[in-house]
Amino acid sequence: MGGVVAESNGRGAARSRPQFTPTARELDDVELLRMGLFGSPGRFEGADGPTRLCLPPDVAASAQQAKGLEITDAEGVPLAIVSVEGTCPT
């Protein structure tokens, strides 16, 4: 997923945004982005980058339409709100 930007933690997030639980590796990347270890602004880099977020096409489309996506952990706890600026081929 190219152009996905981590905006904030998910506390108080609007429920109109779709939710997505990434893989364990992607969740690790979310945490590192939130901590600022990949620079600022924290963002996923797309298909060729070391930090990427792979969304199903329907989730990506919903997130773009809703102007955001809520990233959750395996228990459904909100971790971050991201904006989806573009997609990359899978």
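Read the figures in this text as sums done on the coordinates, not as results from a lab. Worth saying up front: this structure is predicted, and the values here are computed from it rather than measured. All Cβ positions, glycine included, derive from the backbone under ideal geometry; neighbour counts span all protein chains shown.
See the values below:
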item: Search result, residues across the stretch 40-90 that are of a type in the set (D, E, K, R) and either assigned to a loop (DSSP other than H, G, I, E, B) or crowded, with 17+ Cβ neighbours inside 10 Å (or both); result: Arg43, Glu45, Asp48, Arg52, Lys67, Glu70, Asp73, Glu75, Glu85
item: The listed residue being of a type in the set (Asp, Glu) and closer than 19 Å to Gln19 by Cα, out of Glu45, Glu70; result: Glu70
item: Flag for Leu69 being aliphatic (A, V, I, L, M) and within 14 Å of Glu26 (Cα to Cα); result: no
item: Residue within the stretch 15-27 that is exposed (fewer than 12 other Cβ atoms within 10 Å of the Cβ) and in a helix (DSSP H, G or I) present; result: yes
